[in-house]
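Data block below; observations after.
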Ligand SMILES: *Cc1c(COP(=O)(O)O)cnc(C)c1O
């Protein structure tokens, strides 16, 4: 197709290469080598070290929260955040089916059940209206929280995910969840630097998490963070992810079942250097997004832009194609020609481990699954 060829040419022009173009690759243009070598010279490469502390300070500032805790990856962060929010065996957690598998897995690791509710077409994230409709139908407010009156299970958390960096409608979602006394944990794995009404995503719920996997906007190699505005809860997150060890000069005392989910100082060094560049990475991506926007406008294709009152980090950029057939044609041709594109995730209830979970109508999620495609989104190297 002629337009797909033009797209390929356009992307190659941005990244100035005839080689394979991945969806997202890291950029190490700052102090990465310096900081990582420092940890080796100091011998503090493992889970205690100055960069772990520095990273936690930087993350608290970036997320505008009281306490940030460094952990080994985003999935572990989610698992522990849900535990801290009070999710227990047999509980239900409200979330979206249009997400990366880690969101649902973290619920399952707590032996709880995901309840898949629909997303909004404009935010690509959990729909406050779908949550409200579900609760009006099946929710029952009791003294110790919200219950599902059809199953008898407690609904102990709501876990929205900010898809590709686009914030969900947080004001409305927080209102609904507060009304039903359901704690919110934000899966902000993809949305570091994105804001909603001027406030960082990840800072609205009782807890929020971020991921620093290799494909994210900034990377620790692998890594994650738990943030909270409740300092005590944040400190408890540190305790639980540090094998629940009581501080003592020499004795090993662990006061409950904890996890070894600490981030090594070696990784913290890398992410500190990356975080120094977060603003410039986002600025760079926003420029690329503008170029994509005008390119696709001419083609008559919907390039996803940020919604009013939000700023988006444009971690992964995406377009909405006409239907599944157009989508597949676009995917096949671009990937064949060395420009990587990828469909949005298969909906969670189509995976074998989640096929028996409750779900609502999923009209919007199904619509988006057929049409949304990610396009190359790495930071463009200037010059
Ligand atoms: C990347 C990601 C995670 C988990 O991150 P890891 O660091 O890879 O464990 C969780 N949720 C979403 C939506 C993600 O994109």
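Could you please state, rounded to a whole Å, how far the C-alpha centre of the range 103-138 is from the C-alpha centre of the range 174-216?
14 Å
If the elastic network links every pair of Cα atoms under 10 Å, which of 103, 219, 334 fluctuates the most in the Gaussian network model of the chain?
334
Let me test this: with uniform point scatterers at the alpha carbons of the range 96-166, what is the Debye-based log₁₀ I(q)/I(0) at q = 0.15, 0.24, 0.25 1/Å?
Values, matching the q order: -0.53, -1.15, -1.20.
How big is the Cα convex hull of the range 219-281 in projection, averaged over all directions, in nm²?
5.6 nm²
What residue among 209, 62, 182 has the largest mean-square fluctuation in a Gaussian network model of the chain, using Cα springs under 10 Å?
62
Where does the chain land at 222 nm, in deg cm²/dmol rounded to the nearest 500, when only DSSP H runs of n ≥ 4 count, each adding -39500 (n - 2.57), divided by all residues?
About -12000 deg cm²/dmol.
For the chain, set up a GNM with springs between Cα atoms under 10 Å and report which of 216, 350, 305 has the largest fluctuation.
Among 216, 350, 305, the largest mean-square fluctuation in the Gaussian network model of the chain belongs to 350.
State the dimensionless ratio Rg/Rh of the range 281-383 (Rg: radius of gyration of Cα atoms; Rh: Kirkwood radius).
Reported Rg/Rh, Kirkwood definition of Rh: 1.01.
Quick one: if the Förster radius is 41 Å, what FRET efficiency do residue 20 and residue 178 give, using the C-beta to C-beta distance and rounding to 0.05?
0.30
Using all Cα-Cα distances in the range 119-201, what percent lands in each 10 angstrom bin from 0 up to the longest?
Calculated over all Cα pairs of the range 119-201, the distribution is 19, 48, 26, 8 percent.
Please list the equivalent ellipsoid semi-axes of the range 32-275, computed as the square roots of five times the alpha-carbon gyration tensor eigenvalues, in descending order and whole angstrom.
Semi-axis lengths for the range 32-275 are 32, 21, 14 Å.
Using only Cα positions of the range 154-302, each an equal point scatterer, no hydration layer, compute I(q)/I(0) via Debye at q = 0.08, 0.13, 0.18 Å⁻¹ and quote the log10 values to two decimals.
-0.31, -0.75, -1.18
Using 0.36 nm times the number of residues separating residue 43 and residue 5, minus their current alpha carbon distance, what extension gain do you get?
8.6 nm
Quick one: Cα centre-to-centre distance for the range 4-66 and the range 312-327, in angstrom?
24 Å
So for the pair residue 287, residue 255, with labels modelled 7 Å out along Cα→Cβ, what separation do we get in nm?
5.2 nm
How big is the range 1-147 along each principal axis, measuring the range of its Cα positions in Å and listing the largest first?
56, 56, 27
The numbers here are math on the coordinates, done by the rules we state, and not lab data. These numbers were taken from a predicted model, which means no experiment stands behind them. Virtual Cβ from ideal backbone geometry, glycine too; neighbours counted across all protein chains shown.
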